[in-house]
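Here's the structure we're looking at; comments come further down.
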Amino acid sequence: MSDPFEITDTPEPATTTARHLEGLNESQLEAVENIDGPVLVLAGAGTGKTRVLTTRLAHILMERKARPGEMLAVTFTNKAAREMQERVAGVLGTSVEGWWVGTFHALCARMLRRNAELVGLKSNFTIIDTDDQLRLIKQILLEREMDVKRNPPRTFLFTIQGWKDRALEPDEVPPGEVMDAVGGDAIDVYKDYQSRLRAVNAADFGDLLMHAVKVLQKNPDILAEYQNRFRYIMVDEYQDTNAAQYMWLKLLAKTHANICCVGDDDQSIYSWRGADVGNILSFEKDFSNARIVRLERNYRSTPHILGAASGLISFNEDRLGKTLWTDVNDGEKVRVHGVFDSGVEARFVGDEIESRHRKKENLSSMAILVRTSAQTREFEERLITLGIPYQVIGGLRFYERKEIRDAVAYLRIISQPDDDLAFERVVNFPKRGIGDAAMQTLHIHARARGIPLTAAVDELISSDELRPTPRKALALLMSDFSRWRASSLELPPAELCNMVINESGIIEHWKRDKSIEAPGRVDNLKEMVVGLEQFDSLQNFLEHVSLVMENEENKSTDKLSIMTLHAAKGLEFDTVFLPGWEEGLFPHQRSLDEAGTEGLEEERRLAYVGITRAKKRALVTYASRRRLFGQWKPALPSRFVDELPNEHTDRGLEDDLEEPGGYSEFSSPRQRARSGQQRESISYHQVGTDAGDLKIGQRVFHQKFGYGRISELEGDKLEIDFEKAGPKKVMASFVELAE
């Protein structure tokens, strides 16, 4: 095995020294040529930062300031690392060997293998993935006789990873955090987890960073070796670094201080992954005599798009400050369009896409960027109706998601009890104590009798073939299915689905799950309930889902992209649609509640990222009411709508805010103030509340059956005499107060 510190000679450049600098603008040239001392390159969206990075690396080599083995270049993705190597080779006219270029994790792993014994590992240690991490934590919980239902392994993993992101070993976690984390049990699980990893000579991704930091901190001779070796350090996407990455870089750069960090504080949107925008904001404090170079000339977007984005982000106080500009023609203003509700919004965006496609604009040049994954459903439904091919980037299509597949499986069994595939999927989800042995007994009996599994269950629950625990659980499950099947004859599909996901325990399962994905899964399930409102029968909905899944096999290369704003960073499109700009949705209420002003500023940075994905045109939409997660709610336009500068926006579109019944809104607080009118207050009965405020004889409104009066009331179940549909049994969560 070759020495990772081996240094090879710098190749002779194939071009003249100055040629690689041709075409750089003044700011880019400043960033490339100032190679000594600490430099922070504030690279705005679309300002050519990748070219600056690669040209700077090539320039250091061509100026013979360092040999390849004396350079460290850090990226966040393997793709970016490969691109960096290829571009530098293109500038030099030959490949470069012996240098250190790669992701934080790859470079730390390389460093750690040379010093593994210092952290209790061998050099051939295994790097485990998330599945192995969860499996190991589950084993530890079971050995500690802890209920994995009440204490999901993913919750512990999230907490432990947060500590590792800050390079905190078990004995370094602050006492206050020890008691706050999972009832105080997380620290003991963390200790056991680390011991178990060392016992099997393994490390997880968090360990790669944490162990590398500890090796440098606790071994001055090794630290000095690396500090002297790396004469020049370059870091991409510096705004996304976490505490451990920050500590590692600061340690390595201490001797030469020739560190160049490239990033954009206005695009720091990953705090939930441990990223700390404070790292880039404090660069000048961390490195004395630091030079700040601002890349502000944008090569991607029109002046109106840049003006709108710059005006919006200027409301953030925690930023170093820069203003993007371009010398191309003005182009179209950012359109701001208000609609009556989220259904109208999906139709409006779909029609716009169809219109642009008829004008020969490729679907692949357009994208819908949403704040939450639950928003995608209505757009997916509309695109399917219009026959427009699409892809969901960075995630699954709505009906592909696990929580949705599980809920659909329950509905399939209600509709068709012989559906063995659906039954096997949910028979023990959520956990009911129905293990492999019980399922094997069911399969044997079903095959022997030539009957479906549900029929086998009906026959075996009255015998002693099954152990008491699974027998009781199966009996309860079959009783639930019988009751739901009877309800399906009376209840609309949406109300049936709401009943099933609550009574089956699916919703409660994800509410107990403390993983970062869990709240989104709950939101998706509630959004699924909303989606069922457009179907008059359960069978029609299930057929629709089958057709949707079949359409996913469309191999068309020209597809519209749908993704969350987080997944859109680094991408660009000619046309970008930005729906759902309403208070509580964007900025998201959860961010405001959990992080206050810091959360608001990160949400604003997310809006900035969304706008700057657009090259030619951006369209912002918001609804005056939105049916999210099972309830209609009046909505106020996002404060971000008002923060968009008037000179860069077209706000003259208000017609879609009118409901046929005469209800109207105005497009923004500014316009409402100008009109002298205030938003009408509408009270809705909210999903998840009890029916204590409802009374017999009260007039209510139901989305499907219209107006009616309550004739019977039992808990959250109502019988209503509807004026046109006659008497119906409905759930309280699906009616709105009409008086």
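The values are calculated or read from the model by the stated rules, or taken from the named source; none is laboratory data. For clarity, every value in this text was computed on a predicted model and none was experimentally measured. Methodologically, a virtual Cβ is constructed for each residue, glycine included, from the backbone with ideal geometry; neighbour enumeration extends over all protein chains shown. For accessibility, only protein heavy atoms count, side chains too; no ligands or nucleic acids. Shrake-Rupley method; radii C 1.70, N 1.55, O 1.52, S 1.80 Å.
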Positions within the stretch 233-254 being in a helix (DSSP H, G or I) and not hydrophobic (A, V, I, L, M, F, W, C), in sequence order: Tyr238, Gln239, Asp240, Gln245, Tyr246, Lys250
Qualifying residue in the stretch 383-397 (condition: in contact (Cβ under 8 Å) with a residue 24 or more places away in the chain, hydroxyl-bearing (Ser, Thr, Tyr), in contact with a strand residue (DSSP E or B) (Cβ under 8 Å, 6 or more places away or on another chain) and more than 20 Å from Phe541 (Cα to Cα)): yes
Matching entry among Glu712, Glu643, Glu647 (being surrounded by 14 or more Cβ atoms within 10 Å (Cβ to Cβ), at pLDDT 60 or above and of a type in the set (Asp, Glu)): Glu643
Pairs, first at pLDDT below 80 and open to solvent by 20 Å² or more (accessible area, probe 1.4 Å) in the stretch 718-739, second of a type in the set (D, E, K, R) and assigned to a strand (DSSP E or B), C-beta under 6 Å, six or more apart: Lys729/Glu719; Ala738/Arg699; Glu739/Arg699
Hey, Asn428 free of Cβ contacts under 8 Å to residues at least 12 places away in the same chain, in contact with a Gly (Cβ under 9 Å, 6 or more places away or on another chain) and either under 26 Å from Lys402 (Cα atoms) or open to solvent by 40 Å² or more (accessible area, probe 1.4 Å) (or both) or not: yes
Yes/no for Pro220 being surrounded by fewer than 21 Cβ atoms within 10 Å (Cβ to Cβ), out of contact with any helix residue (DSSP H, G or I) (no Cβ under 9 Å at 6 or more places or on another chain) and closer than 30 Å to Leu57 by Cα: yes
Flag for Thr469 being touching a Gly at 6+ places or on another chain (Cβ under 9 Å) and either modelled with pLDDT of 90 or more or assigned to a helix (DSSP H, G or I) (or both): yes
Matching residues, the stretch 385-420, being among the aliphatic types (A, V, I, L, M) and either closer than 18 Å to Val500 by Cβ or touching a Cys at 6+ places or on another chain (Cβ under 6 Å) (or both): Ile404, Ala407, Val408, Ala409, Leu411, Ile413, Ile414
Leading residue by the ranking (surrounded by the most Cβ atoms within 10 Å (Cβ to Cβ)) among those in the stretch 571-614 that are among the small types (Gly, Ala, Ser) and under 19 Å from Gly274 (Cα atoms): Ser591
Residue that is modelled with pLDDT of 90 or more, out of contact with any Cys (no Cβ under 8 Å at 6 or more places or on another chain), farther than 15 Å from Ala409 by Cβ and not small (Gly, Ala, Ser), where the choices are Leu474, Leu496: Leu474
In the stretch 58-79, the residues that are touching a Leu at 6+ places or on another chain (Cβ under 9 Å), in a helix (DSSP H, G or I) and among the small types (Gly, Ala, Ser): Ala58
Residue pairs meeting the criteria (Cβ under 7 Å; at least 6 apart or on separate chains; first within 22 Å of Glu26 (Cα to Cα), in the stretch 42-71; second modelled with pLDDT under 90 and of a type in the set (S, T, N, Q)): Leu61/Thr10; Met62/Thr17
Residue check, Ser288 of a type in the set (Ser, Thr, Tyr) and open to solvent by less than 50 Å² (accessible area, probe 1.4 Å): no
The stretch 75-86 residues that are in contact (Cβ under 8 Å) with a residue 40 or more places away in the chain, paired with ones that are of a type in the set (Asp, Glu) and open to solvent by less than 70 Å² (accessible area, probe 1.4 Å) (beta carbon under 7 Å, 6 or more apart): Thr75/Asp236; Phe76/Asp236; Phe76/Glu237; Phe76/Asp240; Ala80/Asp236
Subset of the stretch 140-174 (residues that are within 14 Å of Gln194 (Cβ to Cβ) and open to solvent by 60 Å² or more (accessible area, probe 1.4 Å)): Asp171, Glu172
Which listed residue, of Ser271, Ser365, Ser342, is surrounded by fewer than 21 Cβ atoms within 10 Å (Cβ to Cβ), under 28 Å from the mean Cα position of the chain (by Cα), closer than 30 Å to Ile384 by Cα and in contact (Cβ under 8 Å) with a residue 40 or more places away in the chain: Ser365
Residue match in the stretch 65-79 (condition: farther than 23 Å from Leu209 by Cβ and open to solvent by 10 Å² or more (accessible area, probe 1.4 Å)): yes
Residue in the stretch 112-124 that is of a type outside the set (A, V, I, L, M), outside any loop (DSSP other than H, G, I, E, B) and within 18 Å of Val52 (Cα to Cα) present: no
Flag for Lys333 being of a type in the set (Lys, Arg), within 21 Å of the chain's Cα centre (by Cα) and open to solvent by 40 Å² or more (accessible area, probe 1.4 Å): no
Scan of the stretch 581-606 for residues that are of a type in the set (Phe, Trp, Tyr) and within 16 Å of the chain's Cα centre (by Cα), ordered by number: Phe586
Residues within the stretch 298-316 that are at pLDDT 95 or above and either closer than 26 Å to Ala243 by Cβ or surrounded by fewer than 21 Cβ atoms within 10 Å (Cβ to Cβ) (or both), tallied: 6
Val530, sole failed condition from (1) closer than 21 Å to Ile384 by Cα; (2) of a type in the set (Val, Ile, Thr); (3) within 21 Å of the chain's Cα centre (by Cα): (3)
Residue satisfying condition, being surrounded by 20 or more Cβ atoms within 10 Å (Cβ to Cβ), assigned to a helix (DSSP H, G or I), at pLDDT 90 or above and touching a helix residue (DSSP H, G or I) at 6+ places or on another chain (Cβ under 9 Å), within set Thr55, Thr47: Thr55
Single match in Ala243, Ala186 (criterion: of a type in the set (A, V, I, L, M) and either closer than 23 Å to Thr103 by Cα or modelled with pLDDT of 95 or more (or both)): Ala243
